[in-house]
Number of protein chains: 2
Amino acid sequence: MNAVPVAELWRGGRLESAHLGHAVIVDGAGQVVQAWGDPGLTIYPRSACKMIQALPLVESGAADRAGLTSSQLALSCASHQGAALHRQAVGNWLEGLGLGESDLRCGAHEPYDLAERNRLIKTDESPCQYHNNCSGKHAGFVTLNQHLGGGSEYVEPDHPVQKAVREAFEDVTGEVSPGFGIDGCSAPNFATSLVGLARSMAYFAKAREDGPSAREKAAYRLTRAMAAHPMMVAGEGRACTELMQAMAGKVSIKTGAEGVFTAILPEQGLGIALKVVDGASRASEAAIAGLLVKLGVLEAGHPAAQKRLNAVQRNCRGIEAAFVRPAADFPG
Amino acid sequence: MNAVPVAELWRGGRLESAHLGHAVIVDGAGQVVQAWGDPGLTIYPRSACKMIQALPLVESGAADRAGLTSSQLALSCASHQGAALHRQAVGNWLEGLGLGESDLRCGAHEPYDLAERNRLIKTDESPCQYHNNCSGKHAGFVTLNQHLGGGSEYVEPDHPVQKAVREAFEDVTGEVSPGFGIDGCSAPNFATSLVGLARSMAYFAKAREDGPSAREKAAYRLTRAMAAHPMMVAGEGRACTELMQAMAGKVSIKTGAEGVFTAILPEQGLGIALKVVDGASRASEAAIAGLLVKLGVLEAGHPAAQKRLNAVQRNCRGIEAAFVRPAADFPG
């Protein structure tokens with residue numbers, strides 16, 4: 001099935017650029033409620049599946065053994081800005097484990113947060129691994145690894161940590177993963193169908209606090225942790241943070257590189273996954289906002305929603321030059 | 001006609017993201033040599049038409065009156081990095097006219113050049129209009145404006161400067177422009193068909209030093225200036241600069257925002273224009289490199305070509321995680 005238009009950029013009254021995508025909504029029974037494009041498409045979820053990658057951390061008992069808070073669980077699912085807030089939280093977490101920055105295997109990159117970026121430049125300090133947007137996920141990996149007693153190279157695909165991630169991933173997507181790619185943070189990122197990813201989000205949506213399995217309880221806790229700590233999941237100005245704040249803890253959402261977005265709607269018992277064909281975040285953000293409005297969990301008029309439904313681009317002199325919005329017929 | 005696949009991103013042996021686009025090659029007689037997708041599509045050329053926007057500067061005699069060098073003409077066609085090199089060149093240019101930074105109307109943005117960016121941050125200096133990637137084009141506008149004696153607001157669509165740009169634009173594209181959008185630098189950006197844009201590039205390609213019109217002579221000079229000063233047109237590491245260097249002055253190329261690229265091939269008498277539907281530069285760079293190789297003006301094995309034909313993405317630990325390349329059947 002062909003991809004459908006999901007977002008577009010307008011300038012001077014003309015369509016300048018357009019984005020195609022695929023999206024699917026799945027219910028708690030694992031059934032497709034609605035689909036756009038090809039829900040069977042094999043994709044890499046990238047960071048949009050971080051809550052799945054955090055399942056073994058919680059269900060194994062490692063999180064409780066380390067005394068992790070709800071805020072830390074949110075951070076384990078984060079693609080954060082590398083602000084001082086996030087750097088310090090990850091640093092304190094590692095210290096609490098008796099470990100340090102050199103135990104991470106995510107690598108370092110310049111933080112997205114401008115205040116922290118400028119502080120580093122002014123003090124001639126290099127960014128460290130705590131600044132990596134995936135450092136919370138990696139803090140979760142090393143916490144699990146300490147519990148499991150595995151070797152230091154916890155991002156290797158055959159390491160006990162990644163084997164546990166794969167097992168959980170295949171369970172909640174309901175599919176055998178056809179393989180993996182190496183993510184920006186060096187961890188394996190397991191492929192799945194888009195509907196498999198949405199099915200996993202529906203698993204999180206229907207998970208109960210007193211569910212029968214450790215996995216279901218873990219899914220419940222991670223979903224609530226994300227919704228309760230939106231600043232830890234991303235940061236100032238970011239779509240995940242602002243949209244979760246706008247939905248006041250009722251919905252958990254997560255962006256992924258290359259145009260992926262997922263959403264968990266516990267009250268509706270629904271899971272959403274979408275992939276923009278060309279990988280553009282501006283399009284995945286417009287599309288997920290459109291879907292959340294359609295499902296009645298996001299007010300279209302909320303400033304955080306408008307920022308994605310009518311993403312005005314001001315130029316260097318503050319003039320409204322263009323805007324990005326969901327495509328005319330999406331989600332319909 | 002539908003867009004065709006022009007570029008793709010691969011990770012872990014799987015196609016992760018894909019880009020559609022339109023492209024067309026036109027000869028010196030204005031005839032289409034080959035087209036992909038819809039050459040009739042109306043587009044904004046964005047910065048890929050800066051050499052057209054510089055035509056009135058040269059053909060009016062304003063450039064010679066101000067004693068502009070070939071390097072300054074290249075800068076008038078640039079989307080530069082805002083490196084010290086560019087900032088100083090634009091500053092000296094304005095000073096030479098008895099004008100200053102406040103006479104520009106492009107606005108300021110943080111320079112892309114990291115050394116200059118870090119210098120500003122360390123010294124608590126704000127970026128100035130000279131850092132704007134379009135400041136060379138605007139230096140050309142104010143030079144023309146000084147010659148024409150127009151008012152200070154030279155980016156207004158009905159200002160003599162922009163009227164002259166529009167007349168030249170419609171002449172070399174061979175089309176009446178259906179209108180304009182406001183560009184990132186506040187100048188009007190006139191719309192045209194993709195084939196119109198390629199036709200204008202073919203006009204530049206066939207322009208002779210001793211041509212019969214001031215416009216043709218201006219087109220010749222601008223084409224050679226770009227090819228002779230690739231560092232002024234963009235900067236370190238950039239596609240325009242590195243690919244023009246690789247083609248050793250034989251071809252002039254220019255990127256534009258939202259996935260546009262143009263090329264002028266004087267020896268072949270050909271003009272190229274391409275537009276990536278979703279606006280991604282990584283795709284337009286792969287696509288233009290593929291076209292230049294196909295036309296025999298770029299060696300596929302040259303490092304600058306490989307950087308776009310097989311654009312390896314290394315992650316934070318230096319591991320090859322993915323690569324972007326032209327689509328399998330593009331350009332064929």
*Would a scan of the stretch A:176-185 turn up a residue that is more than 18 Å from the chain's Cα centre (by Cα), open to solvent by less than 60 Å² (accessible area, probe 1.4 Å) and among the small types (Gly, Ala, Ser)?*
yes
*Show the residue pairs that are 6+ apart or on different chains and have beta-carbon atoms under 7 Å apart, the first residue being within the stretch B:236-257 and within 21 Å of A:Ser17 (Cβ to Cβ), the second being open to solvent by less than 10 Å² (accessible area, probe 1.4 Å) and in a strand (DSSP E or B).*
B:Cys240/B:Ile253; B:Cys240/B:Lys254; B:Ile253/B:Phe261; B:Ile253/B:Thr262; B:Ile253/B:Ala263; B:Lys254/B:Thr262; B:Thr255/B:Phe261
*Sort through B:Glu299, B:Glu320 and tell me the only one that's acidic (Asp, Glu) and within 14 Å of another protein chain (Cβ to nearest Cβ).*
B:Glu320
*Checking B:Ala248 against (1) of a type in the set (A, V, I, L, M); (2) modelled with pLDDT of 95 or more; (3) surrounded by fewer than 20 Cβ atoms within 10 Å (Cβ to Cβ); (4) under 28 Å from A:Ala108 (Cβ atoms), which test does it fail?*
(4)
*In the stretch A:154-196, which residue that is touching a Leu at 6+ places or on another chain (Cβ under 6 Å) and away from chain B (no Cβ under 14 Å) is nearest to A:Gly107 (Cα to Cα)?*
A:Val161
*Looking at the stretch A:272-292, is at least one residue away from chain B (no Cβ under 14 Å), more than 17 Å from A:Val324 (Cα to Cα), touching a residue at least 40 places away in the same chain (Cβ under 8 Å) and open to solvent by 10 Å² or more (accessible area, probe 1.4 Å)?*
no
*Which ranges mark the strands (runs of 3 or more DSSP E) fully within the stretch B:1-88 that have 1 or more residues being of a type outside the set (Gly, Ala, Ser), within 14 Å of chain A (Cβ to nearest Cβ) and buried (at least 24 other Cβ atoms within 10 Å of the Cβ)?*
B:4-11, B:14-27
*asked:* Within the stretch B:195-212, does at least one residue satisfy the condition of being open to solvent by 10 Å² or more (accessible area, probe 1.4 Å), under 19 Å from B:Ala273 (Cβ atoms) and among the basic types (Lys, Arg)?
replied: yes
*Kindly list, by first and then second residue, each pair from a residue in the stretch A:317-332 that is crowded, with 17+ Cβ neighbours inside 10 Å to a residue that is among the aromatic types (Phe, Trp, Tyr), limited to pairs with Cβ atoms under 9 Å and residues at least 6 apart or on different chains.*
A:Ala322/A:Trp10; A:Val324/A:Trp10; A:Arg325/A:Trp10; A:Phe330/A:Trp36; A:Pro331/A:Trp36
_Complete set of residues in the stretch B:118-152 that are within 9 Å of chain A (Cβ to nearest Cβ) and under 27 Å from B:Thr241 (Cβ atoms)_ = B:Asn118, B:Ile121, B:Lys122, B:Gln129, B:Asn132, B:Cys134
*In the stretch B:291-309, is there at least one residue being closer than 30 Å to A:Leu104 by Cβ, touching a Lys or Arg at 6+ places or on another chain (Cβ under 9 Å) and not acidic (Asp, Glu)?*
no
_Single condition B:Gly259 does not satisfy, out of (1) more than 14 Å from every other protein chain (Cβ to nearest Cβ); (2) at positive phi_ = (1)
*Taking interchain pairs and intrachain pairs at least six residues apart, which have beta carbon atoms under 8 angstrom, with the first residue in the stretch A:31-59 and under 17 Å from A:Glu170 (Cβ atoms) and the second open to solvent by 10 Å² or more (accessible area, probe 1.4 Å) and modelled with pLDDT under 95?*
A:Gly40/A:Met1
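The values are calculated or read from the model by the stated rules, or taken from the named source; none is laboratory data. Every value quoted in this text rests on a predicted model; they were computed, and no experiment measured them. Heads up, the Cβs are rebuilt from the backbone with ideal geometry, glycines too, and the neighbour counts pull from every protein chain shown. SASA here: full protein model, heavy atoms, side chains in, ligands and nucleic acids out. Shrake-Rupley method; radii C 1.70, N 1.55, O 1.52, S 1.80 Å.
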